[in-house]
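The values are calculated or read from the model by the stated rules, or taken from the named source; none is laboratory data. Since the structure is predicted, the reported quantities are computational estimates derived from the model, not experimental observations. Methodologically, a virtual Cβ is constructed for each residue, glycine included, from the backbone with ideal geometry; neighbour enumeration extends over all protein chains shown. Note: areas computed on protein heavy atoms with side chains; ligands, DNA, RNA excluded. Shrake-Rupley method; radii C 1.70, N 1.55, O 1.52, S 1.80 Å.
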Amino acid sequence: FFFCNRSFFVVHASALQGHPSAMADDPDQVFESTESGASESYPIEAGQIRKGGFIMIKGRPCKVSDVTSSKTGKHGHAKCHFVAIDIFTGKKIEDLVPASHTTYAPFVKKIEYQAMDVDEDGFITVLDAEGNTREDLKIPEAMAQPPPGADELSKKIREHLADEKDFYVIVQAACGTEQIMDIKVMTN
């Protein structure tokens with residue numbers, strides 16, 4: 001039955017052959033889904049983001065290094081000028097957003113792993129808190145685009161492993177990317 005301007009029409013089932021709603025009975029139908037990326041960030045009012053906070057600018061997770069707010073202008077919106085540093089590349093990025101508008105902030109996690117070994121390709125073997133090993137992280141100098149300070153940090157990792165020191169690598173994770181950011185020597 002279809003209703004239209006106080007009238008209704010009866011549609012025979014044969015007329016729905018090939019119609020999308022009739023295809024639900026097709027056992028060969030394949031439904032695919034894709035990741036929306038929505039779980040990688042959350043909405044936040046631009047005026048609520050402060051220096052030291054995180055913001056998504058041009059699709060990149062960034063740490064805010066400076067925020068300035070302008071007064072309400074003739075078009076009615078106070079604006080926030082964000083100066084931020086990409087948390088993975090170290091590049092400076094700027095953005096201007098009306099203070100009352102919604103922008104996005106990334107979910108950023110820092111995880112500590114105990115360092116075990118580094119292979120010749122730069123992959124580090126680490127141990128998580130549950131005792132599981134991972135071998136899919138690269139030391140900073142072995143990454144496709146090494147971040148600032150990659151050589152010094154990689155050198156420290158190799159030296160500590162050579163000296164058989166017990167230490168953690170601190171991994172920062174955001175927006176599907178993980179990167180070693182620092183190390184922390186274990187204390188007994």
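Residues in the range 23-39: is at least one under 17 Å from residue 101 (Cβ atoms), at pLDDT 70 or above and not acidic (Asp, Glu)? Working first, answer last.
Taking the range 23-39 and keeping what is under 17 Å from residue 101 (Cβ atoms), we get none.
Scanning the range 23-39 turns up no residue that is under 17 Å from residue 101 (Cβ atoms), at pLDDT 70 or above and not acidic (Asp, Glu).
Do the conditions hold for residue 183, that is, is it under 23 Å from the mean Cα position of the chain (by Cα) and open to solvent by less than 80 Å² (accessible area, probe 1.4 Å)?
Details: under 23 Å from the mean Cα position of the chain (by Cα): yes; open to solvent by less than 80 Å² (accessible area, probe 1.4 Å): yes.
Spelling it out, residue 183 is indeed under 23 Å from the mean Cα position of the chain (by Cα) and open to solvent by less than 80 Å² (accessible area, probe 1.4 Å).
Taking residue 162, is it farther than 20 Å from residue 91 by Cα, more than 17 Å from the chain's Cα centre (by Cα), surrounded by fewer than 16 Cβ atoms within 10 Å (Cβ to Cβ) and of a type outside the set (Val, Ile, Thr)? Outline the logic, then answer.
Numbers: farther than 20 Å from residue 91 by Cα: yes; more than 17 Å from the chain's Cα centre (by Cα): yes; surrounded by fewer than 16 Cβ atoms within 10 Å (Cβ to Cβ): yes; of a type outside the set (Val, Ile, Thr): yes.
Answer is yes for this residue.
I'd like to verify a number: residues in the range 64-84 that are in a strand (DSSP E or B) and either touching a Pro at 6+ places or on another chain (Cβ under 9 Å) or surrounded by 17 or more Cβ atoms within 10 Å (Cβ to Cβ) (or both), how many? Steps first, please.
Pass one, the range 64-84, residues in a strand (DSSP E or B): 64-69, 79-84.
From what's left, either touching a Pro at 6+ places or on another chain (Cβ under 9 Å) or surrounded by 17 or more Cβ atoms within 10 Å (Cβ to Cβ) (or both): 64, 67, 79-80, 82, 84.
Number satisfying all stated conditions: 6.
Only residues that are farther than 12 Å from residue 116 by Cα and in contact with a Leu (Cβ under 8 Å, 6 or more places away or on another chain): list them for the range 142-175, please.
Within the range 142-175, 171 is the sole residue that qualifies.
Please report, ordered by residue number, the strands (runs of 3 or more DSSP E) entirely within the range 100-188 with at least 1 residues that are among the basic types (Lys, Arg). Break it down stepwise before answering.
On the way: elements: 102-106, 109-118, 123-127, 133-138, 167-174, 177-185.
Filter on the range 100-188 gives 109-118, 133-138, 177-185.
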